[in-house]
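Please read the structure below before turning to the comments.
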Amino acid sequence: MDVLLEVSFCPKQALSRTRRLADAYLAKQRGIYPELQVQQVDLEVARLPDIGLLAAVAKSKTIGGVELTPEEQVVWTEIGGIATRFMSADEVVLVAPMWNFSLPYKLKHYLDVVAQPGIAFRYGEQGAEGLGRGRPLTLVTTRGGVIGDSPYNHQTPLLKTLAGFLDFDYREIVAEGLDAEGPERGEAILREVITRLS
């Protein structure tokens with residue numbers, strides 16, 4: 001493995017439990033792959049293009065093989081750069097806490113930018129074909145409650161579906177129940193998960 005792309009949204013920054021868990025995972029991967037290059041996208045500061053009229057029309061034209069206008073091409077080039085970086089990594093690691101049983105809005109926005117025809121997938125005789133080539137897509141997340149595979153978990157099904165569509169191998173590193181029994185128990189749970197990574 002040469003390049004790991006970490007896409008993170010941790011608003012609490014140094015206080016973030018998700019950030020601590022991700023740092024432990026990155027340390028593990030660097031131990032396995034000493035020459036690993038870690039590229040980072042911090043969604044707290046990254047500017048993502050809006051998926052508005054020009055982007056939507058450009059996407060439709062791309063699927064249909066229709067030439068883009070200069071204005072559409074500018075938007076599509078920006079989107080394409082972000083999507084290509086994602087698709088070029090040997091592993092993509094998504095780092096974000098669970099928010100309202102799903103992904104934080106900035107991470108969902110990022111994934112909507114990435115999942116583009118001709119870059120992340122293509123249409124062929126058998127329908128849509130993902131271009132991820134089975135590479136790992138890893139979610140590193142923390143959850144205040146014990147959610148597991150309950151109907152409240154909209155994080156895992158969404159990402160499993162997207163990973164399958166784009167032909168990635170979906171994996172999760174989860175520390176949950178961090179708020180359910182107080183801060184001391186939450187810290188102990190987080191440390192247990194981090195220890196298992198080492």
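For region 25-45, the tally of residues that are surrounded by 13 or more Cβ atoms within 10 Å (Cβ to Cβ), touching a residue at least 60 places away in the same chain (Cβ under 8 Å), touching a helix residue (DSSP H, G or I) at 6+ places or on another chain (Cβ under 8 Å) and closer than 16 Å to CYS10 by Cβ stands at 3.
For first residues located in region 130-150 and at positive phi, partners that are of a type outside the set (A, V, I, L, M) and modelled with pLDDT of 95 or more and lie 6+ apart or on another chain with Cβ distances below 9 Å form the pairs ARG133/ASP167; ARG133/PHE168; GLY134/ASP167; GLY134/PHE168; GLY134/ASP169; GLY148/GLU176. Out of (1) surrounded by 15 or more Cβ atoms within 10 Å (Cβ to Cβ); (2) in a helix (DSSP H, G or I); (3) without any contact (Cβ under 8 Å) to a residue 60 or more places away in the chain, what's the single condition that is false for GLU192? If we test GLU192 against (1) surrounded by 15 or more Cβ atoms within 10 Å (Cβ to Cβ); (2) in a helix (DSSP H, G or I); (3) without any contact (Cβ under 8 Å) to a residue 60 or more places away in the chain, just (1) comes out false.
For region 145-189, the candidate set comprises residues that are among the β-branched types (Val, Ile, Thr) and touching a Leu at 6+ places or on another chain (Cβ under 7 Å); within that set, the residue that is surrounded by the fewest Cβ atoms within 10 Å (Cβ to Cβ) is ILE189. Does VAL66 count as crowded, with 19+ Cβ neighbours inside 10 Å and of a type outside the set (D, E, K, R)? In short, no. Go through region 36-63 and count every residue that is among the β-branched types (Val, Ile, Thr), touching a strand residue (DSSP E or B) at 6+ places or on another chain (Cβ under 9 Å) and farther than 29 Å from ALA22 by Cβ. The total comes to 2. For region 17-24, the condition holds for at least one residue, the condition being that it is among the small types (Gly, Ala, Ser), touching a Leu at 6+ places or on another chain (Cβ under 9 Å), touching a residue at least 12 places away in the same chain (Cβ under 8 Å) and assigned to a helix (DSSP H, G or I).
Here GLU78 passes the criteria (1) among the charged types (D, E, K, R); (2) surrounded by fewer than 18 Cβ atoms within 10 Å (Cβ to Cβ); (3) under 19 Å from TYR25 (Cα atoms); (4) touching a Pro at 6+ places or on another chain (Cβ under 7 Å) except the one numbered (3).
Here ALA128 clears all of (1) assigned to a strand (DSSP E or B); (2) in contact with an Asp or Glu (Cβ under 7 Å, 6 or more places away or on another chain); (3) over 20 Å from LEU103 (Cα atoms); (4) of a type outside the set (Asp, Glu) except the condition numbered (2). Mind checking whether some residue in region 135-154 is closer than 16 Å to THR18 by Cα, among the small types (Gly, Ala, Ser), at pLDDT 95 or above and not in a loop (DSSP other than H, G, I, E, B)? Within region 135-154 (the criterion being closer than 16 Å to THR18 by Cα, among the small types (Gly, Ala, Ser), at pLDDT 95 or above and not in a loop (DSSP other than H, G, I, E, B)), the answer is no, since none of the residues qualifies. Within region 44-75, restricting attention to residues that are of a type in the set (S, T, N, Q) and not in a loop (DSSP other than H, G, I, E, B), the residue that is nearest to GLY124 (Cα to Cα) is THR62.
If you check VAL113, VAL93 for being assigned to a strand (DSSP E or B), closer than 19 Å to SER8 by Cβ and not acidic (Asp, Glu), only one passes: VAL93. Evaluating PRO104 against the criteria (1) out of contact with any Pro (no Cβ under 8 Å at 6 or more places or on another chain); (2) buried (at least 17 other Cβ atoms within 10 Å of the Cβ); (3) within 30 Å of VAL57 (Cα to Cα) leaves one unmet condition, (1). Which residue pairs have Cβ atoms under 9 Å apart, sit 6 or more places apart or on different chains, and have a first residue in region 164-189 that is modelled with pLDDT under 95 and polar (S, T, N, Q) and a second that is part of a helix (DSSP H, G or I) and crowded, with 16+ Cβ neighbours inside 10 Å? Final answer for the pair search is none.
The values are calculated or read from the model by the stated rules, or taken from the named source; none is laboratory data. Given the structure is predicted, the values throughout are model-derived calculations rather than measurements. Ideal geometry is used to build each Cβ from the backbone, glycine not excepted, and the neighbour counts take in all protein chains shown.
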